[in-house]
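Take a look at the structure below.
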Amino acid sequence: MQQELLQESKRYALKRLKEEADHIKEKGFSAVLHYRKEHTHTVVGLSKKIADKIGADPLVCEIGAWFHDLGKCYNPRLSPEENHLRRRNHGFYGAEEAKEFLKGKNADPDFIQEVYIGIKEHVGLTRKEKEPLSPLTAAVIWDADKVSKIGWSAWIHFLAYTCNREREEQDLLDLLKRDGLETMEKIFQNLNTEVAKKLAKKRLDNYRENLYHMEGVLRGEI
């Protein structure tokens, strides 16, 4: 039963992610590298890894990871205004979408509520509260989402996302430092679990080391 619910959740999420990719193409941007889909797969993998290490409910964490950014995904059944509203409050709307889907699958109400909280609370890069998120599954989903934003693969995903949006021309080195290293260091300070901190530290150390080399290359010093 659990595996069936997980597979149905995955199929639904992939369908919604495809709708987002199709919308990007319709706007005239390239979706060769689909950031939202790649990011979601990474968060799912990290959620499973962290949940396994700390004993959190793996099904809540994995389904929450599949749904966590669907509030940002374009829905062709809604108006442009409604889609804009969803993007502005994607944690809430993603949680609502997950709740309706899981209700339709007759999932346990307590299970649905825990998935709901994990999705709703994952939003942002930093947290005002110093105490770890509760329940534990919400901490896992937060951490998986944030660890996915640290390291070189995260920066490549960010660059792909940037290329699919209308933005002014920017300096590559500035992006590597400001939108890369500075943001990653800020994220690192807001993780909940020791497992996530260890994963993030490896990624961050590798990014720092290679950033200095990249800076030399871009300046023509290497």
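Laboratory data are not the source of any read-out in this text; all were calculated from the coordinates shown. The model shown is predicted, which means the values in this text are computed figures rather than measured ones. Virtual Cβ from ideal backbone geometry, glycine too; neighbours counted across all protein chains shown.
So if we plug the beta-carbon distance of Glu81 and Lys25 into 1/(1 + (r/R0)^6) with R0 = 22 Å, what FRET efficiency do we get, rounded to 0.05?
0.55
What is the sum of charges around Tyr93, taking Lys and Arg as +1, Asp and Glu as -1, for the other residues whose C-beta is under 10 Å from the C-beta of Tyr93?
Its environment carries a net charge of +2.
Going through region 1-105, which trypsin sites (Lys or Arg not before Pro) have at most 14 other Cβ atoms within 10 Å and a DSSP loop state?
Those that pass, being in a loop and sparsely packed, are Lys27, Arg77, Lys105.
Within the set Lys177/Lys197; Lys103/Lys198; Lys37/Lys146, which residue pairs have Cα atoms separated by over 24 Å?
Those over the limit are Lys103/Lys198.
Taking amide H atoms as placed 1.01 Å from N in the peptide plane, list the residues 5 or more away in sequence, or in a different chain, whose amide H sits under 5 Å from that of Tyr74.
Under 5 Å from the amide H of Tyr74: Glu20.
Over all distinct alpha-carbon pairs, what is the Kirkwood Rh of the chain in angstrom?
18.2
Between exposed GluC sites (Glu not before Pro) in the chain, where DSSP calls loop and at most 14 other Cβ atoms lie within 10 Å, what's the longest gap?
Segment 1-128 is the longest.
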